[in-house]
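In what follows, a single structure is set out as structure tokens and then discussed.
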Amino acid sequence: MVESTLETECKCHGVSGSCTLKTCWLKLPSFREVGDRLLLKYQEARPVVAVQETQQVSQFNLNFSQLMIEGLNEIGIVNH
């Protein structure tokens with residue numbers, strides 16, 4: 001979120017500001033602006049309710065873990 005609000009700021013260097021050399025950098029928004037955007041995101045968020053894990057989900061996680069270990073074993077990263 002902060003990255004999308006970065007602004008480019010430049011300064012010219014040279015005799016009487018002739019801009020023979022220009023230095024630019026990304027400028028962060030003010031702390032207030034970041035805070036206001038975070039508050040808005042929080043206020044617009046939908047509430048989420050946690051549900052109890054089922055046996056089916058546990059079995060899926062176990063199967064997935066086993067597949068990962070088998071795959072890593074095949075390419076020689078893990079030896080079980």
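The values are calculated or read from the model by the stated rules, or taken from the named source; none is laboratory data. In this text the structure is predicted, and so the values were computed from the model without any measurement. Ideal geometry is used to build each Cβ from the backbone, glycine not excepted, and the neighbour counts take in all protein chains shown.
Output the residue which, of all residues in region 1-56 that are in a helix (DSSP H, G or I) and on the phi > 0 side of the Ramachandran plot, is modelled with the lowest pLDDT. First the steps, then the outcome.
So in region 1-56, the residues in a helix (DSSP H, G or I) come out as 3-5, 15-17, 31-44, 55-56.
Within this subset, residues satisfying the condition of being on the phi > 0 side of the Ramachandran plot are 16-17.
Details: Ser16: 79, Gly17: 70.
In this case the residue turns out to be Gly17.
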So which residues in region 1-52 are without any contact (Cβ under 8 Å) to a residue 12 or more places away in the chain and surrounded by 10 or more Cβ atoms within 10 Å (Cβ to Cβ), if there are any at all?
-> Cys12, His13, Gly14, Cys19, Ser30, Gly35, Asp36, Leu39, Leu40
